[in-house]
């Protein structure tokens, strides 16, 4: 049903895209939904082709956990799994990827809701399509005025350049992370299933996709390698490593540098080897010792907390004059409150003091200082 048609006459049926999105979010097939609704699979197929009567909304609410009004709204942002590059695509099922896509649609809707009420930083994410990933990372550091020093809070840095960074709720978080461009706005969705250091790398990896692969619809192994290479150079530039690591450093010295760069010890060892700070023999010995200490699967003594958003604590501030909270967003967009909490990193549920985006070479102010109500 077109927008013009729905504006001329009252809606007679539920929105088929909303039914499909809610089903995808719950990770169930049409046949499974039919079983839960006590109808035939053919009936569900009709529902998702535009023939679901309005009276079914409350039954769908009970089964899928979305408010009944969600299924009556049209205009869902268009997003399909085929155009998304999932960080852990090979390790995930189609259901998990579909759930992540459905969550992304909700994230875009929340972002639109926020953008009509608050002034967010303008998008400043240049394209380096066709460039070598390491060159692209160096160029982006130059454009953003970051020099070669360790980066500050990466979530807030991306937010300050107009990148919308959202969380992923359970089940959808199996994909680890993904990024998309939607109407000239870049989005990154992150799962908090890894260590803070690895999550930071995931965000840099997705940033690599945004600057290197915008407009490319085919996911390839080569693109994943390029995004990894970009992330390594962006977080740990070879020129910066020479300042913080002497040639063939000890494990103690490597771990001291790890605290500054806020990356995993194994990732830093790899980058140090690539930058010529570790010889082949020293790199092998470093990996053996780090593995023996448990750094292959964990990050002992690493970052104590995840890097937090600067935007969401400013918006979801009950003491502010705007009086915006997650429940208000969920109510106005007819979304499950739990998904709104997850997408906004549980800001209301787990308030935490955030780190300012500051460095000697960062000229722009933190995101929060640009944010104000319309």
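Laboratory data are not the source of any read-out in this text; all were calculated from the coordinates shown. No experiment lies behind these values; they were computed from the predicted model shown. Virtual Cβ from ideal backbone geometry, glycine too; neighbours counted across all protein chains shown.
Helix 221-235 axis versus longest C-alpha principal axis of the chain: approximately 60°, rounded to the nearest ten. By the equivalent-ellipsoid construction on the alpha carbon gyration tensor, segment 154-194 comes out with semi-axes of 19, 12, 6 Å, ordered largest to smallest. To test your reading of the geometry: what angle, between 0 and 90 degrees and rounded to tens, separates the Cα axis of helix 265-274 from the longest principal axis of the chain? That works out to roughly 60 degrees.
Which ordering of 230, 86, 13 is given by a fewest-first count of other beta-carbon atoms within 10 Å?
The most exposed by this proxy come first: 13, 86, 230.
Largest mean-square fluctuation among 16, 170, 300, in a Gaussian network model of the chain whose springs join Cα atoms under 10 Å apart, belongs to 300. For the pair residue 38 and residue 129, label points projected 7 Å from Cα toward Cβ lie 5.3 nm apart.
Principal-axis analysis of the Cα atoms of the chain puts helix 133-143 at an angle of about 90° to the longest axis.
For the chain, what is the calculated [θ] at 222 nm in deg cm²/dmol (nearest 500), taking -39500 (n - 2.57) for each run of four or more DSSP H residues and dividing by its residue count? If you can, show how the numbers build up before the last one.
Details: 18 runs with 175 residues, N = 374.
For the chain, the value works out to -13500 deg cm²/dmol.
Given in Å, the Rg to one decimal and the Dmax to the nearest whole number for the Cα atoms of segment 1-76 are 11.8, 35.
Ranking 262, 30 by Cβ neighbours within 10 Å, fewest first, what do you get? Could you put the intermediate results ahead of the total?
Details: 262 21, 30 17.
Going from least to most buried by this count: 30, 262.
Using a Gaussian network model of the chain in which every pair of alpha carbons under 10 angstrom is joined by a spring, one finds that among 135, 221, 43 the greatest mean-square fluctuation is at 221. Cβ-to-Cβ counts within 10 Å put 329, 19, 288 in ascending order as 288, 329, 19, the fewest first. For Kirkwood radius over Cα pairs in Å, the candidate list reads (1) 25.2; (2) 22.1; (3) 20.9; the entry that matches the value derived from this model is (2).
For segment 129-183, the Kirkwood hydrodynamic radius comes to 13.6 Å, computed from all pairs of different C-alpha atoms. Projecting label points 7 angstrom from Cα along Cα→Cβ for residue 246 and residue 183 puts them 5.7 nm apart.
May I ask for the Rg/Rh ratio of segment 147-272, computed from Cα atoms with Rh as the Kirkwood radius, given to two decimals?
On the way: Rg = 15.1 Å, Rh = 15.3 Å.
That ratio is 0.99, to two decimals.
The value of relative contact order for the chain, using C-alpha pairs under 8 Å at least six residues apart, is 19 percent. Here the alpha carbons of segment 231-286 define both size measures, Rg and Dmax, at 9.6, 26 Å. Stretching residue 59 away from residue 93 to a fully extended chain increases their span by 9.5 nm, per 0.36 nm per residue minus the current alpha-carbon distance.
If you take every DSSP beta bridge whose two residues both sit in the chain, what share of them, in percent to the nearest 5, is antiparallel? Each step should come with its number before you reach the end.
Working: 11 of 15 bridges.
If I count the DSSP bridges inside the chain, around 75 percent turn out antiparallel.
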